[in-house]
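Chemist: Quick one: structure below, then a few questions.
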């Protein structure tokens, strides 16, 4: 558990130093659950705009 927390901290520090936004994260991992959720939301928004 401690190792997992340490790696999470390192990822967050690296993300902030590089200026990497969470919005970008959603689309750089399209095979993951986060990316799929973002794609599903985009499809839903596109459908609602077609009315």
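Each reported figure results from applying straightforward, stated rules to the coordinates on display, with no laboratory input. Bear in mind the structure is a predicted one, so any value in this text is a computation, not a measurement. Because the Cβ atoms are built from the backbone with ideal geometry, glycine has one as well, and the counts that use them run over all protein chains shown.
Chemist: What FRET efficiency, computed as 1/(1 + (r/R0)^6) with R0 = 30 Å and r the Cβ-Cβ distance, is obtained for residue 17 and residue 48, rounded to the nearest 0.05?
Modeler: The formula returns an efficiency of 0.20 here.
Chemist: Further question: If the chain between residue 2 and residue 37 were fully stretched, how many nm would it gain, using 0.36 nm times the residue separation less the Cα-Cα distance?
Modeler: 9.8 nm
Chemist: Sticking with this one: Taking 0.36 nm per residue of separation and subtracting the Cα-Cα distance, what length does fully extending residue 9 through residue 24 add?
Modeler: Details: separation 15, 0.36 × 15 = 5.40 nm, distance 1.86 nm.
Fully extending the segment from residue 9 to residue 24 adds 3.5 nm.
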